[in-house]
1. Report those strands (runs of 3 or more DSSP E) wholly inside region 35-126 carrying at least 3 residues which are surrounded by fewer than 14 Cβ atoms within 10 Å (Cβ to Cβ) and assigned by TED's automatic domain parsing to the domain that holds Val151.
2. If Glu116 passes every condition in (1) free of Cβ contacts under 8 Å to residues at least 60 places away in the same chain; (2) farther than 21 Å from Ala90 by Cβ but one, which one does it miss?
3. What do you reckon, is Val28 without any contact (Cβ under 8 Å) to a residue 60 or more places away in the chain, in a helix (DSSP H, G or I) and either of a type in the set (Lys, Arg) or over 23 Å from Gly140 (Cβ atoms) (or both)?
4. Can we say Thr97 is hydroxyl-bearing (Ser, Thr, Tyr) and either over 23 Å from Val48 (Cα atoms) or in contact with a Lys or Arg (Cβ under 7 Å, 6 or more places away or on another chain) (or both)?
5. State whether one or more residues within region 157-172 are touching a Phe, Trp or Tyr at 6+ places or on another chain (Cβ under 6 Å), at pLDDT below 90 and not in a strand (DSSP E or B).
6. Of all residues in region 133-144 being in a strand (DSSP E or B) and either of a type in the set (Gly, Ala, Ser) or loosely packed, with under 14 Cβ neighbours inside 10 Å (or both), which is farthest from the chain's Cα centre (by Cα)?
7. Restricting to region 69-88, and then to whatever is in contact (Cβ under 8 Å) with a residue 24 or more places away in the chain and small (Gly, Ala, Ser), can you tell me which residue is nearest to Ala104 (Cα to Cα)?
8. Could we say that Asp130 is assigned to a strand (DSSP E or B) and at pLDDT 90 or above here?
Amino acid sequence: MAVIDSQQNDLSGRYRWIPWIFVGFFLVVFTVNGIFIYLATTSWVGLVTENPYDRGLNYNEVLAAKAAQDQLGWTHDLSFQRTDDAGGTAAGVLTLTLGRKDGATLNDATVKAVVERPGRFSQAFTLYLDQTGEGRYAAGVNLPLPGQWHVRLVAQKGADSYRAAETFYVEPK
């Protein structure tokens, strides 16, 4: 009997740290989950549409607007031409060329562009592009940072409306 008791005491002393492995494992899991919860609640929510629930309920209207836009056959070409690098910002000109399906240019439209840096809602702003001739519309823009920028365009001429989205990249200097 004495031999058995000494073996049990030896085993319990040698493996006493095993329960602490489980405690350590769960501490790591809770810490990582806490970090993920913090990042999820303090970062960008991911919404790109105001009132997404209402838009989803009226999705047939969205499809009808898309079909009407396709019937118009308007085309666009968007470009950003960098003109200066002033103190870490990227200054330049955002130019949009609008055309019709027959190849003619589209003049006398009202053009609005919402420019935003993906993942950073605080850097979203609206521009109204002025017509510069031959279906071209332009506006000067001073982007706070170089990198990828997303533009949502809305061109309106009379009752006709055209919507498009483009992404462009501004190289750092």
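1. On the way: elements: 75-86, 89-99, 110-117.
The qualifying strands (runs of 3 or more DSSP E) are 75-86.
2. All conditions pass for Glu116, except number (2).
3. On the way: without any contact (Cβ under 8 Å) to a residue 60 or more places away in the chain: yes; in a helix (DSSP H, G or I): yes; either of a type in the set (Lys, Arg) or over 23 Å from Gly140 (Cβ atoms) (or both): yes.
When the stated conditions are applied, Val28 passes them.
4. Working: hydroxyl-bearing (Ser, Thr, Tyr): yes; either over 23 Å from Val48 (Cα atoms) or in contact with a Lys or Arg (Cβ under 7 Å, 6 or more places away or on another chain) (or both): yes.
So Thr97 fits the description; yes.
5. We begin by selecting, within region 157-172, every residue touching a Phe, Trp or Tyr at 6+ places or on another chain (Cβ under 6 Å); these are 162, 168.
The next check asks that each one be at pLDDT below 90; those that pass are none.
No, the conditions are met nowhere in region 157-172.
6. The first filter runs over region 133-144 and keeps only residues in a strand (DSSP E or B), leaving 133, 136-143.
With the extra rule that they be either of a type in the set (Gly, Ala, Ser) or loosely packed, with under 14 Cβ neighbours inside 10 Å (or both), the set shrinks to 133, 138-140, 142.
Working: Gly133: 31, Ala138: 23, Ala139: 22, Gly140: 22, Asn142: 19 Å.
Checked region 133-144; the qualifying residue farthest from the chain's Cα centre (by Cα) is Gly133.
7. Gly73
8. On the way: assigned to a strand (DSSP E or B): yes; at pLDDT 90 or above: yes.
Taking the combined requirement at face value, the residue satisfies it.
The values are calculated or read from the model by the stated rules, or taken from the named source; none is laboratory data. None of the values given here were measured: they were computed from a predicted structure. FYI the Cβ positions are ideal-geometry reconstructions off the backbone, even for glycines, and counts take in every protein chain you see.
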